[in-house]
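A.B. asks: If you scroll down you'll find the structure; I have some questions about it.
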Amino acid sequence: MVLGDKMTKQLTIVSINGPYRDEGVFTMMRLAHAAREKGITVNFFNYLDATVIAHKDQAPKEFPPIETIFGTIVKKGIKKPKAHAIACIKCTDARGVTKQQTEGVIIGGLYDLGEWTAESDKTILIS
Amino acid sequence: MTNLLLVLSKDPYTTETPDLVLDIGLNAKEKGNDVSLYLIEDGVTAARKSEFGNKLAAAHKKGIKIYADDKAVLSRSLTNKLIGWVEVKEIGTLLDFIMDYDRVVWF
């Protein structure tokens, strides 16, 4: 479980869609960059098909690999403002992606989302 | 009074979601709430000068503020093709709204 930093504002973003179907994941990345500029800590909760976002070794031919972009944000988030990422274990197990999540993504569950929701200033679900 | 932010990411011709969003916004406005509609991704096509664009214009006259994401507008070549009451904003504005509004619903 990752505990948020109470000194800064926190935004939890719950994502449920996988990459490449639409722009949703890229919108999430844009929001994360904007949050970094404004000093807002971002928590990513990747749920359902969104657990594929951080799956390693993606090699799309016509799109930037979303795992690389997402991983960069999470790794940079180790410094302040933080960016944490949790992938739902039931979702990753179901999709066979539990052991291949990019660096910085923690395997967790809905109890973690509950805690993030309680401690965040705002929680949104991008669908 | 509650500040309600509705974020619409779907176009108005594939599903009934945009109509639902507009109905929610209008009902919330009628009940005295402050309502903003933020169009993003394919949602910006809803504000084209069209039948649905006319619905948005009518909603604006009833007090609903309408915003559109700059990159979504630009990438679809919709600059200068939207109804007149739409304010085009960058992603930082959406983030500010998300953090500041009482309620945020993403469609």
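A.B. asks: Only one residue in A:Ile69, A:Ile13 is in contact (Cβ under 8 Å) with a residue 40 or more places away in the chain and either in contact with an Asp or Glu (Cβ under 7 Å, 6 or more places away or on another chain) or in a helix (DSSP H, G or I) (or both), so which one is that?
C.D. replies: A:Ile69
A.B. asks: I'm trying to understand the selection: among the residues of region A:73-94, which are surrounded by 16 or more Cβ atoms within 10 Å (Cβ to Cβ) and in a helix (DSSP H, G or I)?
C.D. replies: Selection gives A:Ile73, A:Val74, A:Ile89, A:Cys91, A:Thr92.
A.B. asks: Return a yes/no flag: does region A:62-71 have any residue that is aromatic (Phe, Trp, Tyr), in contact with a Leu (Cβ under 8 Å, 6 or more places away or on another chain) and buried (at least 22 other Cβ atoms within 10 Å of the Cβ).
C.D. replies: No: region A:62-71 contains no residue that is aromatic (Phe, Trp, Tyr), in contact with a Leu (Cβ under 8 Å, 6 or more places away or on another chain) and buried (at least 22 other Cβ atoms within 10 Å of the Cβ).
A.B. asks: Could you list, in sequence order, the residues of region B:60-97 that are within 10 Å of another protein chain (Cβ to nearest Cβ), surrounded by 15 or more Cβ atoms within 10 Å (Cβ to Cβ) and hydroxyl-bearing (Ser, Thr, Tyr)?
C.D. replies: Listed by number, the list holds a single entry, B:Thr93.
A.B. asks: Being within 14 Å of another protein chain (Cβ to nearest Cβ) and of a type in the set (A, V, I, L, M, F, W, C) is the filter here; which residues of region A:99-127 pass it?
C.D. replies: Once the filter is applied, which keeps residues that are within 14 Å of another protein chain (Cβ to nearest Cβ) and of a type in the set (A, V, I, L, M, F, W, C), region A:99-127 yields A:Ile124, A:Leu125, A:Ile126.
A.B. asks: Restricting attention to helices (runs of 4 or more DSSP H) lying wholly within region B:1-99, give those where 2 or more residues are of a type in the set (Val, Ile, Thr) and closer than 26 Å to A:Ile13 by Cβ. Outline the logic, then answer.
C.D. replies: Values: elements: B:17-30, B:51-61, B:70-75.
By residue number, B:17-30.
A.B. asks: If you take the residues of region B:1-48 that are small (Gly, Ala, Ser) and out of contact with any Asp or Glu (no Cβ under 6 Å at 6 or more places or on another chain), which of them is farthest from the other protein chains (Cβ to nearest Cβ)? Lay out the reasoning, then the answer.
C.D. replies: First pass over region B:1-48, keeping only residues small (Gly, Ala, Ser): B:9, B:25, B:28, B:32, B:36, B:43, B:46-47.
Among the residues that remain, those that are also out of contact with any Asp or Glu (no Cβ under 6 Å at 6 or more places or on another chain) are: B:25, B:28, B:32, B:36, B:43, B:46-47.
Working: B:Gly25: 17, B:Ala28: 18, B:Gly32: 23, B:Ser36: 14, B:Gly43: 10, B:Ala46: 15, B:Ala47: 17 Å.
Once the filter is applied, the top-ranked residue is B:Gly32.
A.B. asks: Further question on the same structure: Among the listed residues A:Asn17, A:Asn43, which satisfies the condition of being within 14 Å of chain B (Cβ to nearest Cβ) and closer than 26 Å to B:Ser75 by Cα?
C.D. replies: A:Asn17
A.B. asks: If you check B:Thr79, B:Thr45, B:Thr93, B:Thr14, which single one turns out to be under 22 Å from A:Lys122 (Cα atoms) and among the polar types (S, T, N, Q)?
C.D. replies: After ruling out the rest, the residue left standing is B:Thr93.
Read-outs throughout are calculated quantities, based only on the coordinates presented, and are distinct from any laboratory measurement. Quantities reported herein were computed from a predicted structural model and do not represent experimental measurements. Cβ atoms come from the backbone with ideal geometry, glycine included; neighbour counts cover every protein chain shown.
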